1. Anything in the range 421-431 that is of a type outside the set (Val, Ile, Thr) and buried (at least 23 other Cβ atoms within 10 Å of the Cβ)? List them, or say none.
2. For Lys181, work out the one condition from (1) outside any helix (DSSP H, G or I); (2) crowded, with 19+ Cβ neighbours inside 10 Å it doesn't fulfil.
3. Have a look at Asp134, Asp114, Asp129 and point out the one that is in a loop (DSSP other than H, G, I, E, B) and touching a Gly at 6+ places or on another chain (Cβ under 8 Å).
4. In the set Glu419, Glu452, Glu459, Glu448, which member is free of Cβ contacts under 8 Å to residues at least 40 places away in the same chain, acidic (Asp, Glu) and closer than 26 Å to Ile316 by Cα?
5. Which one of Thr363, Thr415 is modelled with pLDDT of 95 or more and either in contact with a Phe, Trp or Tyr (Cβ under 8 Å, 6 or more places away or on another chain) or more than 30 Å from Met106 (Cβ to Cβ) (or both)?
6. Restricting attention to the range 286-322, report how many residues are under 30 Å from Leu468 (Cα atoms) and not in a loop (DSSP other than H, G, I, E, B).
7. When the residues of the range 367-377 are narrowed to those that are open to solvent by 20 Å² or more (accessible area, probe 1.4 Å) and more than 9 Å from the ligand (Cβ to nearest atom), which ends up modelled with the highest pLDDT?
8. Go over the candidates Arg445, Arg449, Arg469 one by one and state the one that is within 16 Å of the ligand (Cβ to nearest atom) and farther than 17 Å from Met159 by Cα.
Amino acid sequence: MTQRTAAEAGKAPTTGASAEHVPVEHVEVLIVGAGISGIGAAWYLRRDCPDTGFVILDTEDSFGGTWWTHRFPGIRSDSDLHTFGYSFKPWIGPPIATAQEILKYMGEVIEENDIASHIRYRHKVLKADWSYADSLWHVEAQRTDTGETVRFAANFLYMCQGYYRHRQGYTPEWEGMADFKGPIVHTEEWPEDLDYAGKKVVVIGSGATAATVVPAMAQTAAHVTMLQRSPTFFRTGRNAIEIAEELRKLHVDEEWVHEITRRKILYEQDAFTRMCFEKPEVVKRELIGNVRSLLGPDYDVDKHFTPSYRPWRQRIAFVPDADLFKGIAEGKASVVTDEIVRFTGNGILLKSGVELEADVIVTATGFNMCMMGDIAFTIDGRKLDFSQTVNFRGMMFTGVPNLAWVFGYFRASWTLRAELVAAFVCRLLNHLKATGAKSVEPALRASERDMELLPWIDEENFNPNYLLRAMDMLPKRGTTREWQHTQDHWREAEEFPAIDLEDEVFVYCWGARSNVAAE
Ligand SMILES: Cc1cc2nc3c(=O)[nH]c(=O)nc-3n(C[C@H](O)[C@H](O)[C@H](O)COP(=O)(O)OP(=O)(O)OC[C@H]3O[C@@H](n4cnc5c(N)ncnc54)[C@H](O)[C@@H]3O)c2cc1C
C-alpha cells in the first residue's frame, strides 16, 4: 500500500479546496463491510491472492455487521451455522446460534488468519468515483470518531456492505403514534436500558425477528402479543443436528463433521425447496400440521398460522425447540391477526374494534433496504444509477468496472453465496493480473442486446416486502440465468467455478481510456 496525494493519484479531489493535500492511500482491493461477507472475502483473498493488498472499511466499531448491530433480546440466526458459518472453519456449537456465538466464531476467523490488521473501523464510505483515465476507484470515507475525511484509490471495489441500512429499521407511519405513552422500539434500534420486565408488550410483525423476540421477551414480560397483519410459515425442530451428534460420538474430526453436516443440510434443503415448488400444498399441510400439533386442537391455526402464499415465497423462519409455540401454549405469549387502525395512549386500536393494551410496543417491521451502503457512486464524475444496469450473476453490473457485489441467498444461508462470489472475485483478480488488464466490466453480448430486461426479482418466486419496497433502486434482471440472481445455490455452486473469464461477456481494458459508453 502506498500513500499518494489526490493529485498524484491522477484525480482531482471531489470536495474542498484543500482536499488536494489529503493523502490518498492506494489499495489493490477495497472491501466495504466487515460482516460475514467482508471477513469471508478477506479469507479468500489471503488464500487465493496472497500478493494482493486489501483493506476493509466498516462504519462500526467492530466486525460482525448484522450480528454486531442487532441487540434485541434473543437475537439468533435462523439458519444453521454449518452453512451460515464458513466452509473453511468448522462450526462446533448448536446449529442455531446467538449473535454472541457468531461474533466469537468470526473473531476466531479474523485472529487465525491475521485479518485484523486489514480492517479500519469507524470509516463510513461516502463516495466512490471510477476514473477511466487511471482505472481506479477514488473513494472517500469519513471517520465516524474524528469526522476526518480519508481517501483511497482502489483498483477493485468489493462491496460486502449487506442489503439494509444498519441502525435504522423500517417502521410504517401509523396514525396516533405520538399519542402512545410508552416506548416504541424497532428491533434494529434497541435501547440498552429498555425495561420490559412485568410489562405488557406488543410486538408488531411475524417474521423471523418477531419469532425470536417474542419468546425471549415473554420470559420476563407480563405478556407478549405478536400482532400480525397476515400469518407466516414456520419450521420447528430441536436445536441440534443428528448426524453431527452421531459423528461426534464416533470422535470424527470436527473438519469432517462440519463438511458432512453441511452436505446433509444442503441436500435436505434442496429437496425441501423442490417440494415447495412441485408440491406446495403438501408442504403447506405439513408445516401447518406441525404448528397445529404444537398448539393443540382448540387453537385457531387457520387464522393465525396459515399464510395465503406458497411456502418459500417469503423466508421460512426456523424456530428452535419451538420456543415461540411453547410460549403461546403456556399463555405467556399470544398472536393477534388484525389490522392497525391507530395507536392510542394505551396501546393499539385494531380494525376489529379491539384495543390491544401495551406498556411497550416493539416494531419488528423489517428493513430499510439500501443499495450499496448509501454510497454516492459516480463514473468519471457522472452519477451511477444501479437501477439502470443489468446484473451479471447477481454480482457485477453492466457499465461498472472492477466492482463486485455480495448479495446472498434468501432460501439458503447468505454465506454460501458470499463464498461463491469470493472464489470468483479471486479468480477474476488473478486473471486481471495474469493478463495485465486494468479493468473488467460485464456487458450484454451482441446476441443479448435485445434481451427483455425485468425487475431484479421475480415476485412470483420470492416477494418479501423489503425487496418490493426497494425495487426501483435494484438493477435489472435478464431472461437467462447468467443475468439473474437465481437463488439456486445448488446450481450456482457448479456454475460459478465454471464461469469462463474469456467469455465475450467480460469487457477488459488494458490501458487508460475515456469512458466512451458514458459519452
Ligand atoms: C436479525 C437478523 C437475522 C438474520 N439471520 C440470518 C440467518 O440466520 N441466515 C441468513 O442467511 N441470513 C440472515 N440474515 C441476513 C443477514 O443480514 C445476512 O445473512 C448476513 O449477516 C449479511 O452479512 P453481510 O456481511 O453481507 O452484511 P452485514 O451483516 O449487513 O454487514 C455489512 C457491514 O457493512 C458495513 N457498511 C455498510 N455500508 C457501509 C459504508 N457505506 N461504509 C462502511 N461500512 C459500511 C456495515 O457497518 C456492516 O458492518 C439475518 C438478518 C438479520 C437482520
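The values are calculated or read from the model by the stated rules, or taken from the named source; none is laboratory data. Please read these numbers as outputs of a predicted model, since none were measured by experiment. Positions of Cβ are generated from backbone atoms using ideal geometry, with glycine treated the same way; all protein chains shown enter the neighbour counts. Heads up: the accessible areas ignore ligands, DNA and RNA and are worked out on the full protein's heavy atoms, side chains in. Shrake-Rupley method; radii C 1.70, N 1.55, O 1.52, S 1.80 Å.
1. Listed by number, the residues that qualify are Ala422, Leu429.
2. Unmet condition: (2).
3. Asp134
4. That would be Glu459, the only listed residue that is free of Cβ contacts under 8 Å to residues at least 40 places away in the same chain, acidic (Asp, Glu) and closer than 26 Å to Ile316 by Cα.
5. Thr415
6. Looking only at that region, the number is 14.
7. Out of the qualifying residues, it is Ala376.
8. Exactly one residue qualifies, and that residue is Arg469.
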